[in-house]
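These notes concern the structure reproduced below.
Quick note: the coordinates plus some simple rules give every number you see, no bench work behind them. Because the structure is predicted, anything quoted here is derived from the model rather than measured. Here the Cβ positions follow ideal geometry from the backbone for every residue, glycine too, while neighbour counts run over all protein chains shown.
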Amino acid sequence: MSRTVQTFNLASGVKIPWLAWGNGSGEARKVPVQAGLAALKAGIRHIDTAQNYLNEGAAAESVAKSGLSKDEIFVTSKLSGRKADSDPTAEGYTVPVDEVRPAIQESIKKLGFVPDLFLIHNPHVVTRADLKKTWQVLEEMKDAGELKEIGVSNFRPQDLELVLEGAKYKPAVNQIEYHPYTLAHLEPVLAIQAKHGILTESYGPLTPLLRHPTGGPLKPVLTKIAKRVSESNPSLPLPVDEFVILLLWTRAKGVVAVTASGNEKRIKLLAEISYLPEDLLTKEEVQEIMSVGKTVHFRHYSEHMEKDFALPNLPDGTG
Ligand SMILES: NC(=O)c1ccc[n+]([C@@H]2O[C@H](COP(=O)([O-])OP(=O)(O)OC[C@H]3O[C@@H](n4cnc5c(N)ncnc54)[C@H](OP(=O)(O)O)[C@@H]3O)[C@@H](O)[C@H]2O)c1
């Protein structure tokens, strides 16, 4: 099987590996150097970090220890709204626009390189009045060669529209909680992104299996598809379960999966998944996951996307 890293194209033509390992959640956040190194050694080539995770230095350390050239690894970080690393109450700080550039420069200093992609972590890290100006700071830094690709995260339709109006550069990505149970709610966001060539990145892609109390109506569908894929492909290098199917579905939708693990065995599994062939799911299976997913609204990380953005009138799938 090919060990060529499988990628999507950003609008600029820059390639982004379709599966990222993040150091912002679960066990991965607790042992970021060790787990980041395990991810790179296993073959993952995309690390997702952020100012708020306090792990940018750890991401850099795992890159340095991997023995790989930085050019082989795609690294994303984010402007998170954080005053000082030493202050535990510093999260949720609203960054004044004149502090945006120094805050990003601090990220670059911690990383020791310019990240391949830099995001505004959510639209509330600055005041509403400053959101467009903040995007312009990112644009200026890109023009000055201080940043490479720039994008956003947790942006609702009103946030995307605000930064897109008159933008010199459109956001390369919007990193959002994306999985089958958020699809109905995300429809207007995804329509804007399709129109403007903004790639979707999915964080929390495993939520229907990990965080939904029962798995909802999707679980038996994923079980059925996992069985079919395993039986039709007996020589795959890993056991195909519902988690694998959910990640393959994310890729089949053309969406970058930003997942995580602090467990070495599961990290190796994630790396294997990232190299699986593209055509394991049929078009009908991709469609079925989407159709069943759209009958439920369930989100784990609700604080940004569910504020001032109308929810679909759907059950949460627990009944
Ligand atoms: N932009 C944002 O606002 C935002 C918000 C949230 C997250 N993120 C980013 O997205 C990353 C991932 O977020 P997430 O944790 O919500 O993603 P997720 O993919 O939904 O969940 C990851 C969790 O799944 C478990 N896992 C991984 N592979 C598995 C498998 N094959 N079978 C069973 N369990 C498995 C891991 O647990 P173990 O460690 O026990 O293996 C890990 O804690 C974060 O680290 C961060 O970089 C961004």
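The relative contact order of the range 37-104 comes to 31 percent, based on Cα pairs under 8 Å that sit 6 or more residues apart. What number, in percent, do you get for the relative contact order of the chain if the mean sequence gap of Cα pairs under 8 Å and at least 6 apart is divided by its residue count? Taking the mean separation of contacting Cα pairs over the length of the chain, I get 21 percent. In order along the range 163-169, the phi-based Karplus estimate (6.51 cos²θ - 1.76 cosθ + 1.60, θ = phi - 60°) of 3J(HN,Hα) comes to 7, 6, 5, x, 5, 6, 10 Hz; Gly and Pro are listed as x. One decimal place: the segment GLU99-LYS265 gains 55.7 nm when fully extended, by the rule 0.36 nm per residue minus the C-alpha distance.
Expressed per residue, the C-alpha convex hull volume of the chain stands at 130 Å³. Converting the Cα gyration tensor eigenvalues of the range 178-225 into ellipsoid dimensions via √(5λ) gives semi-axes, longest first, of 25, 10, 10 Å. Across the range 71-123, Cα-Cα pairs more than 15 Å apart make up 49 percent of the total.
On full extension of the chain, what length is gained from ASP316 through GLU303, given 0.36 nm per residue of separation minus the C-alpha to C-alpha distance?
Difference between extended and current length: 3.0 nm.
Residues whose amide H lies under 5 Å from that of GLN6, counting only those 5 or more places away or on a different chain, are TRP18; hydrogens are built 1.01 Å from N in the peptide plane. If Lys and Arg each add +1 and Asp and Glu each add -1, what is the summed charge of the other residues whose beta carbon sits under 13 Å from the beta carbon of LYS110? Taking every Cβ under 13 Å from that of LYS110, the sum is -1. Hydrodynamic estimate: the Kirkwood radius of the range 142-301 over Cα pairs, inserted into Stokes-Einstein at 20 °C and 1.002 mPa s, corresponds to D of 127 µm²/s.
Normalised by the number of residues in the range 21-144, the mean separation of alpha-carbon contacts (under 8 Å, six or more apart) gives a relative contact order of 23 percent.
Calculated FRET efficiency, ASP85 and ALA42, Cβ-Cβ r, R0 30 Å, to nearest 0.05? Here the calculated transfer efficiency is 0.55.
At 222 nm, what value in deg cm²/dmol follows for the chain if DSSP H runs of at least 4 each add -39500 (n - 2.57) and the sum is divided by all its residues, to the nearest 500?
It lands at -12000 deg cm²/dmol.
Among DSSP beta bridges lying fully in the chain, give the percent that are antiparallel, nearest 5. If we restrict to bridges inside the chain, about 15 percent are antiparallel. Helix 283-293 and the long axis of the chain differ in direction by around 70°, with both axes built from C-alpha atoms.
Over the residues of the range 1-114, compute the C-alpha Rg and express it relative to 2.2 N^0.38 Å. All intermediate terms of the calculation are to be shown ahead of the outcome.
On the way: Rg = 14.8 Å, N = 114, 2.2 N^0.38 = 13.3 Å.
Ratio of Cα Rg to 2.2 N^0.38 Å: 1.12.
Neighbours of GLY36 by Cβ distance under 9 Å: Lys/Arg scored +1, Asp/Glu scored -1, total 0.
Straight-line cross-link reach from LYS30 at under 26 Å between alpha-carbon atoms covers these lysines, not counting any fewer than eight positions away in the same chain: LYS41, LYS65, LYS70, LYS78, LYS83, LYS109, LYS110, LYS265, LYS268. Site pair LYS224 and ALA194 shows an inter-label distance of 2.5 nm when each label is modelled 7 Å from Cα along Cα→Cβ.
Within a 10 angstrom radius of the beta carbon, how do VAL5, VAL63 rank from fewest other beta carbons to most?
Ranking VAL5, VAL63 by Cβ neighbours within 10 Å, fewest first, gives VAL5, VAL63.
If you wrap the Cα atoms of the range 102-141 in a convex hull and average its projected area over all directions, you get 2.9 nm².
Centre-to-centre separation between the Cα atoms of the range 35-53 and those of the range 188-249: 21 Å. Between GLN158 and SER69, the modelled labels are 4.7 nm apart [label points 7 Å from Cα along Cα→Cβ]. The Cα center of the range 146-163 and the Cα center of the range 277-317 differ in position by 22 Å. In this entry, the range 101-226 is assigned a mean projected area of 9.6 nm², taken as a quarter of its C-alpha convex hull surface.
Calculate the tail of P(r) for the range 245-319: the fraction of all Cα-Cα distances greater than 21 Å, expressed in %.
Numbers: 1270 of 2775 pairs.
Everything past 21 Å amounts to 46 percent.
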